[in-house]
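Colleague: Here's a structure for you.
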Amino acid sequence: MSAHIVYDNAPLGSLIRYSDGTPRPPARFARKLADWERRNGLGRLVRKAPPRDRPTYCAPASITLNEGNFSSGGIILVTVMRSHSVDSTLSFELVERPAIGMVRVLQQVGDDDELLHLAESRDAAELWLAKTGYRNARLEDITADEVGADVVEGRAAA
């Protein structure tokens, strides 16, 4: 599927795999492997940004994937995020949708929502929120209605 389909149909918190379709090079080719890893990966959908029209440029809509965190002693030092415009030539695959009963911790960034955390339950989300100290975050339950609407509208993951 294309990045545009992910932008239109995948809910925040979905696990998305992207690929350029080329085979993984052997580990002995460090530079080629690093280039391949920049074009092939897996991440959680944390943001959908609409197109932006400015006087000096126009930017297409984009999706942002959280590919992981690097931490030390329980403190996150670096978060790896990768953004892809909807006109990307990469191929995308929806691997997993958030399950019913999970809770999104969202924060408003400009006019868009950004996923801060995906918790297994409301209690876990409230605990995570209390530990991290985000003040303007809100909780959003993933309900059967949301998952059912995706199936009825033909957007179920393959």
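No lab work stands behind these numbers, since they all come straight from the coordinates. What you see is a predicted model, and the numbers here were worked out from it, not measured in a lab. Because the Cβ atoms are built from the backbone with ideal geometry, glycine has one as well, and the counts that use them run over all protein chains shown.
Colleague: Which residues make up the longest stretch of the chain that has no GluC sites (Glu not before Pro) in a DSSP loop with at most 13 other Cβ atoms within 10 Å?
Modeller: Longest stretch, sites excluded: 1-119.
Colleague: Once amide H atoms are built 1.01 Å from N in the peptide plane, which residues 5 or more positions from S88, or in another chain, come under 5 Å H to H?
Modeller: Here the answer is A3, since their amide H atoms fall under 5 Å of that of S88.
Colleague: If you don't mind, another one. Among L115, G43, L94, pick out the residue whose Cα is farthest towards the positive end of the charge dipole of the chain, where Lys and Arg carry +1 and Asp and Glu carry -1 on C-beta, about the Cα centre.
Modeller: Value computed over the given set: G43.
Colleague: Where the convex hull is taken over the Cα atoms of the range 10-158, what is its projected area averaged over directions, in nm²?
Modeller: In nm², the orientation-averaged hull projection of the range 10-158 is 12.0.
Colleague: Give the shape of the range 21-76 as rounded, prolate or oblate, defined through the alpha-carbon gyration tensor: a ≥ b ≥ c are the square roots of its eigenvalues, a/c under 1.5 means rounded, and otherwise the shape is prolate if a/b is larger than b/c and oblate if not.
Modeller: oblate
Colleague: Where does the longest stretch of the chain lie that holds no chymotrypsin sites (Phe, Trp or Tyr not before Pro) found in a DSSP loop with 13 or fewer other Cβ atoms within 10 Å?
Modeller: After excluding every exposed loop site, the longest remaining stretch is 58-158.
Colleague: Excluding the sites themselves, what is the longest stretch of the chain that contains no trypsin sites (Lys or Arg not before Pro) in a DSSP loop with at most 16 other C-beta atoms within 10 Å?
Modeller: The answer is 29-134.
Colleague: Return the long-range amide H neighbours of L116 (sequence gap of 5 or more, or a different chain), with a cut-off of under 5 Å between placed amide H atoms.
Modeller: Distant-sequence amide H within range of L116: V105, L106, Q107.
Colleague: Over the range 1-98, what lengths in whole Å, largest first, do the semi-axes of the equivalent ellipsoid take, defined as the square roots of 5 times the eigenvalues of the alpha-carbon gyration tensor?
Modeller: Whole-Å semi-axes of the equivalent ellipsoid: 24, 19, 15.
Colleague: List every residue whose amide H lies under 5 Å from the amide H of M102, counting only residues 5 or more places away in sequence or on a different chain, with H placed 1.01 Å from N in the peptide plane.
Modeller: Residues meeting the criterion, in which the H sits 1.01 Å from N, are I142.
Colleague: Kindly write out, for the range 63-69 in residue order, the coupling ³J(HN,Hα) from the Karplus curve 6.51 cos²θ - 1.76 cosθ + 1.60 (θ = phi - 60°), rounded to whole Hz, with x marking Gly and Pro.
Modeller: 10, 10, 10, 8, 8, x, 10
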